[in-house]
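Okay, so here's the structure we're looking at.
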């Protein structure tokens, strides 16, 4: 390959200078025909990155070298600081081996060697991170494309089968598949490559299909293209082939779903064990601290570090195996101009945006359209927040901030303290009243932000799911009506008259729009974009493409119904199986909450009372012996309360992600579980209002052991209402 071919911007444009500079290093280190270079070149093709492998690896070497030099300097400096700080006076023998007369030589070489080795280690790490991070980009992109292709392949084959049944030939099917990138994503892009190769490179489509079968990152798509090529070369029946492939990949989709759910069940059992680990560690730390053998800061690390780390790590682990919904569900209008694509923002002025700037009238139209949409938002804000749930945070977050500031100014919430004041036993506002402080700092913002977000998000999901609840049944009705000789438009009217629900209402609206002059394809697209459900978008795309060839598309409608029923089966199985995982997560959290509450209510207060009663030396002796005194129950109650609150919020988001592959789905669980934690803690620690957080019973035990009988009996008479006989 010539040098001119290697040059070019590519995905990492601007790095050609670095690539040219380090190209000799690439030639010295790598064999251009070796396996490593070949694998990287293959991944670049699969990731659809325009970089050639020589320049890509040369830039990676440049980044790695720069990173290695920087960390080499850092490592050398760190090694020098360590040596001068810890080994300035005397240098110990290596492994306590006395070398006699060579000790002086070894000791003289030992310090420079230590500095040199530390620099080399840091430099190697910097080079590995810089070079490896850049080289891993095509691998990650290829893996992401492979995952999306495998998810959408079943529906894509159903789409091609429907087009074949509708009368399209092989080349027309490939072209239609290449244009469906708004629905079938990366699968459509693979067919776009086939079409573009035949149109612009004078390649016959058989050769283009063979080339793409070798270049695609998905083994399943590669096998499908290879099998399709054999049908094309042999002149076989393409419709029968696509029907067989459709049924095969529908079964494959169900099998993959079973594997995924089995993996999620395994992860649920793992989480049940991992989430209890911080609980066991907290119990051990409390006991060890009573014995004076544990660091109190370790408990802070367990609550504020280990609990979030375990939950976030498990969430990342789950995200690596779950398959999220591909696509946004919007269908774009026909046309090669990308400006014709409709946006999905909160305020969308439509196609007029592509004509603004040329004539003033289009600017006025856009401004009037924006004003109209803003007035609609003001007039019906609940509908706007239903369609855009996350926008409610723009209003609730300032409200929660004002509520927090007002709580601080009125004295209900403690003011923020410097970090060095928030230590074990410090008598700050949080330790004096953990429940009230945590409520205003955590629960009040949580309620103000999450309750509206949960309401509008769930409303949005129910609104969008309502249109696909009877989708399979109505598609079967459409196929039956179309099979009797009715046109597709007449079939819509019949199904709308004989069915109920939101989908029937939308079919009636589509029928009315067509009668008033709108094309059926545009009416279907507007209906789809109103709800923008990816699953329904693929069905609408299939019907709208097939109806252009003929009005008698009963086979296409039957195929769409079969694909929808297959997806219904997958969804029902997923809902049933993930429901058990959500129950496991919730029950695990409730177990943790119960144990922490018992630890606070029974064990901790009892041990504190016994330790204070037996010590008789006050706070000083308690601190010296490692036992808790009256001033340490407040911080402990605060730590325990924060532990169950953090676990409630993090467990909720994990449950929501497992359930619907969406973090927003866990907002409702966060509100419910955190409320349970608040109510339980009010019950077990609601009397932690005095300094140190001790309740009346514990304080009475302390005074009983440290004061004369007359003093504490007077206190009991005034404070608790006990009589002398009691």
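The values are calculated or read from the model by the stated rules, or taken from the named source; none is laboratory data. Not measured: the values here are computed from a predicted model. Cβ: placed from backbone, ideal geometry, glycine included. Neighbour counts: every protein chain shown.
Any residue that is in a loop (DSSP other than H, G, I, E, B), modelled with pLDDT under 80 and in contact with a helix residue (DSSP H, G or I) (Cβ under 8 Å, 6 or more places away or on another chain) - is there at least one of those in segment 361-380?
No, every residue in segment 361-380 fails to be in a loop (DSSP other than H, G, I, E, B), modelled with pLDDT under 80 and in contact with a helix residue (DSSP H, G or I) (Cβ under 8 Å, 6 or more places away or on another chain).
Taking the condition surrounded by 20 or more Cβ atoms within 10 Å (Cβ to Cβ) and either at pLDDT 75 or above or at positive phi (or both), does residue 116 pass?
no
Can you pull out every residue in segment 169-203 that is surrounded by fewer than 21 Cβ atoms within 10 Å (Cβ to Cβ) and over 16 Å from residue 225 (Cβ atoms)?
The answer is 169, 172, 179, 181, 182, 185, 199, 200, 201, 202.
In the set 519, 544, which member is out of contact with any helix residue (DSSP H, G or I) (no Cβ under 6 Å at 6 or more places or on another chain), surrounded by fewer than 21 Cβ atoms within 10 Å (Cβ to Cβ) and not assigned by TED's automatic domain parsing to the domain that holds residue 184?
Only one candidate qualifies: 519.
Can you report the number of residues in segment 14-64 which are assigned to a helix (DSSP H, G or I) and either touching a strand residue (DSSP E or B) at 6+ places or on another chain (Cβ under 9 Å) or under 25 Å from residue 144 (Cα atoms) (or both)?
23
Tell me which residues, restricted to segment 620-655, are assigned to a helix (DSSP H, G or I), surrounded by fewer than 22 Cβ atoms within 10 Å (Cβ to Cβ), in contact with a helix residue (DSSP H, G or I) (Cβ under 9 Å, 6 or more places away or on another chain) and at pLDDT below 90.
621, 622, 625, 642
The conditions are (1) assigned to a helix (DSSP H, G or I); (2) buried (at least 17 other Cβ atoms within 10 Å of the Cβ), and residue 505 fails exactly one of them. Which is it?
Failed condition: (2).
What are the residues in segment 69-89 that are modelled with pLDDT of 80 or more and either more than 13 Å from residue 116 (Cβ to Cβ) or not assigned by TED's automatic domain parsing to the domain that holds residue 111 (or both), if any?
Within segment 69-89, 69, 70, 71, 74, 81 meet the criteria.
Looking at this structure, is residue 203 over 15 Å from residue 146 (Cβ atoms), without any contact (Cβ under 8 Å) to a residue 12 or more places away in the chain and not in a helix (DSSP H, G or I)?
yes
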